[in-house]
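Report on one structure; see the data block that follows.
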Amino acid sequence: MRILVTGGAGFIGSNFIRHLLATDPAAHVVNLDKLTYAGNLENLTAIERDPRYRFVKGSIGDAVLVDALLKDGFDAVINFAAESHVDRSIQDARAFVETNVVGTQTLLEACRRYRVPRMMQVSTDEVYGSLGPSGRFTEDSPLHPNSPYAASKAAADLLVSASFRTYGLPVIITRSSNNYGPYQFPEKAIPLFITNALVGEPLPIYGDGLQVRDWLHVQDHCEALALILRSGVAGEMYNIGGSSERANLDVARLILGTLGKPETLIAHVTDRLGHDRRYAINASKIEQALGWKPRIPFEAGLKDTIRWYESHPTWWTRIKEGAYREYYRKTYGNLSRVSL
């Protein structure tokens with residue numbers, strides 16, 4: 001099975017590639033990644049010499065490059081490529097529109113041109129907006145994005161859905177709750193809290209810290225995606241949730257307690273503009289239709305994640321210092337070169 005994974009040097013994409021190659025001996029993966037600030041090839045050192053894996057540097061918005069790849073024939077395209085940090089989207093939304101919307105449409109057009117049997121769009125529960133104190137998002141929940149990031153992902157999802165209805169393109173959309181786990185870029189909440197706590201720096205908490213997120217371990221997410229890749233139904237949408245709602249403040253306290261650090265490290269900062277109050281996923285569709293359920297309890301998964309960051313200080317220190325980009329140059333030479 002030949003699979004094009006886009007955005008495979010990022011957090012979820014790299015975890016998925018490693019999972020797929022470890023569990024499916026027949027899988028061959030081409031990883032197309034632009035290597036923006038959050039793309040890190042050190043996430044993939046364990047499999048970079050695997051003959052079933054190949055890296056190509058480039059953008060999903062590059063129609064010529066995408067065509068050159070897809071004309072060779074793929075059984076599936078899985079789109080992880082996205083600008084994903086809400087704060088960055090508030091500062092400047094242009095890159096989010098270019099990658100998340102225009103890039104997705106470029107992929108869709110190429111998949112249709114070369115008759116790719118399956119295209120999966122990896123999306124987010126943030127497209128649904130914010131919940132009150134009760135209820136959960138279902139696949140039928142209306143889209144109500146509240147940040148430029150979420151709006152760009154919602155627009156991409158609509159383009160994917162339209163491609164199925166208009167052209168019969170065999171697409172599937174997945175929407176997951178907040179992921180956590182190893183190799184997550186340390187500007188996201190959990191790795192930021194962990195790495196700051198490890199060096200005694202403040203843990204910044206937006207507003208009162210009572211915003212609630214449904215946490216999903218990235219390994220559970222990857223298992224769900226692999227199952228959908230094999231058994232999902234074209235034209236369908238699957239919510240993937242962890243059933244682990246926690247307030248941000250409680251997550252920070254749990255991390256500090258696990259590391260034996262004082263809660264005085266918590267620093268409340270000005271709340272994010274348009275900050276969604278609560279997300280929660282109803283994952284009954286994938287549970288009933290495909291038999292998937294999350295396996296990793298949040299407390300156990302968080303402890304394992306903390307231990308991973310404790311035992312990989314070079315990985316996250318190099319990111320915070322920007323030194324990880326040297327790895328690209330040593331391994332691949334000129335970063336502007338595209339390897340076909």
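Coordinate-derived values only; no laboratory data. These numbers come from a predicted model, not from an experiment. Neighbour counts run over all protein chains shown; Cβ positions are idealised from the backbone, glycine included.
Using 0.36 nm times the number of residues separating SER284 and ASP304, minus their current alpha carbon distance, what extension gain do you get?
4.5 nm
Residue by residue, what Karplus-based ³J(HN,Hα) values in Hz, rounded to whole numbers, does region 133-140 have, using 6.51, -1.76 and 1.60 with θ = phi - 60° and x for Gly and Pro?
x, 9, x, 9, 6, 10, 5, 9
If amide H atoms are built 1.01 Å from N in the plane of the peptide, which residues on other chains or at least 5 residues away come under 5 Å of the amide H of PHE137?
Sorted by chain and number, the residues that satisfy this are ALA280, ILE281, ASN282.
Counting Lys +1, Arg +1, Asp -1, Glu -1, what net charge surrounds ILE173 among other residues with beta carbon under 11 Å of its beta carbon?
-1
Scan around GLU245 for amide H atoms under 5 Å from its own, H built in the peptide plane at 1.01 Å from N, and keep only partners 5 or more places away or cross-chain.
TRP215
Report the per residue volume, in Å³, of the convex hull enclosing the C-alpha atoms of the chain.
127
Given the C-alpha atoms of region 129-250, compute the convex hull and give its volume per residue in Å³.
Roughly 129 Å³ of hull volume per residue.
So how far apart, in nm, are the two label points at THR45 and SER161 if each is 7 Å from Cα heading toward Cβ?
Each label point is offset 7 Å from its Cα along the Cβ direction, giving 4.3 nm.
Against the longest alpha carbon principal axis of the chain, how many degrees, from 0 to 90 and to the nearest 10, is the axis of helix 11-23 turned?
On a 0 to 90 degree scale, this one is about 60.
Amide H to amide H under 5 Å from TYR53: which residues, 5+ apart in sequence or cross-chain, H placed 1.01 Å off N in plane?
VAL29
Mind running the shape call on region 143-186? Use the C-alpha gyration tensor, a ≥ b ≥ c as the square roots of the eigenvalues: rounded below 1.5 for a/c, prolate if a/b tops b/c, oblate otherwise.
It is oblate, given that a/c is not under 1.5 and a/b is not larger than b/c.
How do the peptides 2-8, 153-159 rank, highest first, by the average count of neighbouring beta carbon atoms within 10 Å per residue?
Per-residue Cβ counts within 10 Å, averaged per peptide and sorted highest first, yield 2-8, 153-159.
Residue farthest toward the positive end of the dipole of the chain, with Cβ of Lys/Arg at +1 and Asp/Glu at -1: which of ALA76, LEU203, GLY232?
Of the candidates, ALA76 comes out farthest on the positive side.
At a Cα cut-off below 25 Å, give the lysines reachable from LYS34, other chains included and same-chain residues fewer than 8 away excluded.
Leaving aside lysines fewer than 8 places away in the same chain, those within reach of LYS34 are LYS57, LYS71, LYS153, LYS188, LYS320, LYS330.
Under the classification rounded if a/c is under 1.5, otherwise prolate if a/b is larger than b/c and oblate if not, where does region 211-288 fall, given a ≥ b ≥ c as square roots of the Cα gyration tensor eigenvalues?
prolate
Nearest 0.05, what FRET efficiency do ASP72 and GLU201 give at R0 = 45 Å with Cβ-Cβ as r?
0.45
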